[in-house]
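Shown next, in structure tokens, is the structure this report addresses.
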Amino acid sequence: MFAPGHITGFFAVCKSKNSLKTGSIGAGITVDKGVSVELKEGDGSVFYNCKKVNICSVEKVLEYYKELRYSGCYDIIFSSDFPLGSGLGMSGGCALTLSKKLNDMLNLNESYVKIAHVSEVECGTGLGDVIAQYTKGFVIRKAPGFPINVEKIHINDDYYIIIEIFGEKETKEIITNESWINRINEYGRRCLNELLKNPTLENFISLSYEFAVNTGLINENILSICDDLKFTVGASQSMLGNTLFCISKKETLEDALSILKNPIVCKIYQ
Ligand SMILES: Nc1ncnc2c1ncn2[C@@H]1O[C@H](COP(=O)(O)OP(=O)(O)OP(=O)(O)O)[C@@H](O)[C@H]1O
Ligand SMILES: CC(C)(CO)[C@@H](O)C(=O)[O-]
């Protein structure tokens, strides 16, 4: 099972007493690099790119399935193109791939997507990634959580998504902080209304940049590089990471790559 990386361009936080209805509205794109999982007989350790880790959303998924007769006698082994904490939805992707894997292995007919979403939300490590990674593509989330209410905008294939990761940023400290939430929600809702009027990638990246600047979430380094990349379709900071993403057509790809030090070139995963 593979889950694509998910880049949120802008979002608003939507909290409810019911974790199924908690999540985010906003917009993002999934890419053709991401995370896969395999299980091997073991003591229940979790590995991410060969390092033993503790990922809250994964632990919650395991807890859920242990209540449904999962024995726990397997090591969980994630292989990923992206590091954790880089704003590319890897905690959600790990939860989603594992939930699907266990659901299939135990021949259960559980809603594995709901289990992964609730695990992420209850950990505070994500709000809309799981739903976007399940939907795939250029995904506009019009309502939080379940029932899923998204618009999937089909994109022709000649766009490239260039990612550069500069470090880690912890999602939880932002989406559990009321002052951040107020700023995020003011601009996130505004961007969503604007995107729904003109749902194109060009408008998406322009609104994402506006959101990152107006909320104050963008850092100076990424802001400067985004301005250097204005000759492309556009660039912004992936939410919530210390990660730049740029949307480029083929004709500007080489010039864009020449500006970046460690670019990861992706396509939209639809
Ligand atoms: N080396 C590590 N770096 C960052 N997070 C780690 C690491 N090892 C384990 N974790 C856990 O992985 C999860 C990372 O979730 P977080 O939401 O911050 O990152 P992400 O899912 O990669 O990005 P985002 O949700 O912003 O798209 C957290 O539960 C964190 O405790
Ligand atoms: C909160 C978030 C931006 C963290 O990556 C993401 O989960 C989302 O779009 O809801």
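No value in this document is a laboratory result; all are computed from the given coordinates. Please read all numbers here as calculations on a predicted model, not as lab measurements. Methodologically, a virtual Cβ is constructed for each residue, glycine included, from the backbone with ideal geometry; neighbour enumeration extends over all protein chains shown.
Brief remarks follow.
- Couplings 3J(HN,Hα) of the range 17-23, computed from phi: 5, 8, 4, 5, 9, 8, x Hz, in residue order, whole Hz [Karplus 6.51 cos²θ - 1.76 cosθ + 1.60, θ = phi - 60°; x for Gly and Pro].
- Available extension along the chain between K172 and N198 is 6.3 nm, counting 0.36 nm per residue and deducting the alpha carbon span.
- Low-density loop positions, GluC sites (Glu not before Pro), the range 70-171 - DSSP coil, at most 15 other Cβ in 10 Å: E110, E168, E170
- The modelled label-to-label distance between N219 and D255, using points 7 Å beyond Cα along the C-beta direction, is 2.8 nm.
- Counting only DSSP H runs of at least 4 residues, each contributing -39500 (n - 2.57), and dividing by the residue count of the chain, the helix-based mean residue ellipticity at 222 nm comes to -12000 deg cm²/dmol.
- The range 1-77 and the range 202-270 have Cα centres separated by 26 Å.
- Simple point charges give the picture: +1 on the Cβ of Lys and Arg, -1 on the Cβ of Asp and Glu, and for the chain a dipole about the Cα centre of about 700 debye.
- Rounded to the nearest 20 debye, the dipole magnitude of the range 132-184 is 280 debye, with +1 charges on Lys and Arg beta carbons, -1 on Asp and Glu beta carbons, and the Cα centre as origin.
- For the range 154-266, size of Cβ-based charge dipole, Lys and Arg +1, Asp and Glu -1, in debye: 280
- Cα-based helix-to-principal-axis angle, 90-105 vs the chain, degrees rounded to 10: 40
- Comparing mean-square fluctuations of L20, L39, L207 from a GNM of the chain with C-alpha springs under 10 Å, the top value falls on L39.
- Restriction of the GluC sites (Glu not before Pro) in the range 202-269 to DSSP coil positions whose beta-carbon has at most 12 other beta-carbons within 10 angstrom yields no sites.
- Scoring 129-140, 23-34 by mean Cβ neighbours within 10 Å over their residues and listing the highest first yields 23-34, 129-140.
- Under the criterion of Cα pairs below 8 Å and six or more residues apart, the relative contact order for the range 2-150 equals 34 percent.
- Förster radius 25 Å - calculated FRET efficiency between K52 and D104, Cβ distance, rounded to 0.05: 0.50
- For the chain, cysteines whose Cβ has no other cysteine Cβ within reach (under 4.7 Å): C14, C50, C73, C94, C191, C226, C246, C266
- Rounded if a/c under 1.5, otherwise prolate or oblate - the range 154-266, Cα gyration tensor axes: oblate
- Using alpha-carbon coordinates, inclination of helix 201-215 to the longest axis of the chain, degrees: 90
- Between N193, N221, N156, the GNM of the chain built on Cα springs shorter than 10 angstrom shows N156 fluctuating the most.
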